1. Roughly how many debye, to the nearest 20, is the charge dipole of region 76-130 about its Cα centre, given +1 on each Lys and Arg Cβ, -1 on each Asp and Glu Cβ, and no other charges?
2. Give Lys47/Lys93; Lys93/Lys127; Lys37/Lys93; Lys13/Lys93 a once-over and call out the pairs whose C-alpha atoms are over 18 Å from each other.
3. Only four residue types carry charge here, +1 at the Cβ of Lys and Arg and -1 at the Cβ of Asp and Glu. Report the dipole size of region 52-143 about the Cα centre in Debye, rounded to the nearest 20.
4. Which one of Ser184, Thr25, Val153 has its Cα pushed farthest toward the positive end of the charge dipole of the chain, where Lys and Arg give +1 and Asp and Glu give -1 at the Cβ?
5. Take every Cα pair under 8 Å in region 76-198 that's 6+ residues apart, average their separations, divide by the length, and report that relative contact order as a whole percent.
6. On a 0 to 90° scale, report how tilted helix 3-19 is relative to the longest principal axis of the chain, with both axes built from alpha carbons and the result rounded to the nearest 10.
7. Kindly provide the helix-only [θ] at 222 nm of the chain, computed as the sum of -39,500 (n - 2.57) over DSSP H runs of four or more divided by all residues, to the nearest 500 deg cm²/dmol?
8. Rounded to the nearest 10 degrees, what's the angle between the helix 110-132 long axis and the longest principal axis of the chain, both from Cα atoms, 0 to 90?
Amino acid sequence: MPAAAQNLVLAAKRLILTKGMSAVTLNAVAREAGESKGTTAYYFGNKSGLISAVMDSVIHDEYLASMSLLENVPPDELPAAIIEEMRRLDAFKDEWVVSYELFPYALRHAALRERLQELYRWYYEVKLGWLASRSESANPDTIQGLTELLAAVVDGLAIQDALGREGFDIARPYRVFQSMLESSLPDFLSGTSTGRHV
């Protein structure tokens, strides 16, 4: 993405973070970025195009960086590495706040909802491929369910953390989840557990 387009995406994220989705217009983003409205329209077409680029930036880029950290992890270190990856994603608090503003907006706009579905589908496929490569005997349906659960845990804990509830220590549920992964992940990857007893 050209530097001007990146600058516009960053400006849109700043506006979403500080003022919410209602503040995001092509004019406001152009002003925030120090660019012209014409430049914004040139790169993104309209507000939906800009929001789609922001979603890509928030979701795709971080998950791609995250997956590269897990490529060569030995099997015995897998549960701890998965938790570390999830905690790393959770640490981007501003990105999560932007996401929380984006998701309701995207759910109300068909094209953006489709883009969000594509991003999650992509995340599942990458994570599924990575987990499946750890085992030739794993049940694909079980690994798909595990992939969806990992995404739900990150999303849910990030929401709880963003609320800033007194006494909430995000390390606590991650410790419990790591213990659960340590005891069950080897069975899921060996194909001896299908997750059907749940």
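1. Details: 8 positive and 11 negative charges, 69 e Å.
Dipole magnitude for region 76-130 comes out near 340 debye.
2. Lys47/Lys93; Lys93/Lys127; Lys37/Lys93
3. Values: 9 positive and 17 negative charges, 67 e Å.
Rounded to the nearest 20 debye, it is 320 debye.
4. Most positive-ward Cα: Thr25.
5. Dividing the mean separation by the residue count of region 76-198 yields 38 percent.
6. Result, in degrees: 80.
7. Details: 10 runs with 145 residues, N = 198.
Estimated from H runs of four or more residues: -24000 deg cm²/dmol.
8. 30
The values are calculated or read from the model by the stated rules, or taken from the named source; none is laboratory data. All of these numbers come straight from a predicted model, not from anything done at the bench. Glycine gets a Cβ as well: all are built from the backbone with ideal geometry, and neighbour counts include every protein chain shown. Each accessible area value is taken on the protein alone, full model and side chains, heavy atoms only, with ligands, DNA and RNA left out. Shrake-Rupley method; radii C 1.70, N 1.55, O 1.52, S 1.80 Å.
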